[in-house]
1. Within region 185-221, count every residue that is assigned to a strand (DSSP E or B) and either loosely packed, with under 13 Cβ neighbours inside 10 Å or not assigned by TED's automatic domain parsing to the domain that holds Ala246 (or both).
2. Return yes when Asp245 is acidic (Asp, Glu), under 29 Å from Asp156 (Cα atoms), within 25 Å of the chain's Cα centre (by Cα) and modelled with pLDDT under 95 and no when it is not.
3. Give the residues of region 114-136 that are closer than 20 Å to Thr154 by Cβ and not β-branched (Val, Ile, Thr), sorted by residue number.
4. Among the residues of region 160-171, is any modelled with pLDDT of 90 or more, farther than 18 Å from Gly118 by Cα, in contact with a strand residue (DSSP E or B) (Cβ under 8 Å, 6 or more places away or on another chain) and not in a strand (DSSP E or B)?
Amino acid sequence: MDLDFSAAWAQLRAMAEGFVARLPYIALSMIIFLLCLFIAKGIRNVVRRFAERRSTHRNLTIVLGRLAQIVAIILGALVALVIAIPGFTPSRLVEFLGITSIAVGFAFKDILQNFLAGILILLTQPFRIGDQIIVGKFEGTVEYIQTRATFIRTYDGRRVVIPNANLFTESVLVNTAYEVRRLEYDVGIGYGDDLEEARSLMLEAVRETEGVLADPAPDVLVMELAESTVNLRVRWWINPPLKRDALETRDRVLTAIKQRLTEHGIDLPFPTRQILFHDQTEETDGDRTRQREGWPAGPGPVPKPRRLSRRENLQDGLEQDTASIVPDQEEVRSR
């Protein structure tokens, strides 16, 4: 049985001739797509230069430049497909996207959520690039704000990528939102020390410290009468409110307070506890027939004092046991 491939060869020949006939259109579509890529890159550069000149909404303009670039690329790709592929129309692409929109929505739900949250963050600007923020257990400086996530550089030199949806729904503490920032620390002094003298010495030490602002002025408040100390809270303001400046100023303030209080004899006591041990069988404890510190006297006779040494206690017990077992020599003789 002979196989006839004439129909297949004819179809392949027709396809090849059609492809050769479409080669000029394909080349034109590629030129148009490359031209759209060039235009999209130019749009992004223009928007970036415009954003560098503006201090407000700089991140938003950068993101809008990226979106404009993406839109230009998509339009160029659609025009190139219409020219290169016969019968292709944007309406068919829209129909295809409409059919698959549900599946795409479920698959890219998190991506779309982060994208919308990123746009809202860029519009409202609760924080900017360079701000120092705290999100959950992460703290650092904002490096980038993208449409999907925000990049934070921690103080120990690590990068944290936080999805924008988390930043939009959770609480964010911005340490550098304002020009000044207040710091505070509790210092405990002894109950026998003069409060006004200690307050005056601490204020002098804080005011003379480098980096502490005179306005708003620092203050010292009595906060707590603790077990071993009277706690005074020292509060002062710094500018700029960066983490490094806060740590350095805190070090200088505490060092100055410690030296000033020590020089003037102000006590800085540490927590102390007094533990009293009472042996209810000591002979020097006094009258055993009276109730002492929750220990009932009892109806029976007062117990005899015992030695503290375990060896002596054991020896006394052995002597008592031996006396109860071995009879007395006079008793044996009488028998």
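1. To start, the set of residues in region 185-221 that are assigned to a strand (DSSP E or B) comprises 185-189, 219-221.
Still in the list and also either loosely packed, with under 13 Cβ neighbours inside 10 Å or not assigned by TED's automatic domain parsing to the domain that holds Ala246 (or both): 221.
Qualifying residue count, region 185-221: 1.
2. yes
3. Result: Pro126, Phe127, Arg128, Gly130, Asp131, Gln132, Gly136.
4. No - not one qualifying residue is present in region 160-171.
The values are calculated or read from the model by the stated rules, or taken from the named source; none is laboratory data. Everything numeric in this text was worked out from a predicted model, so none of it was measured. We place every Cβ from the backbone using ideal geometry, glycine too, and count neighbours over all the protein chains shown.
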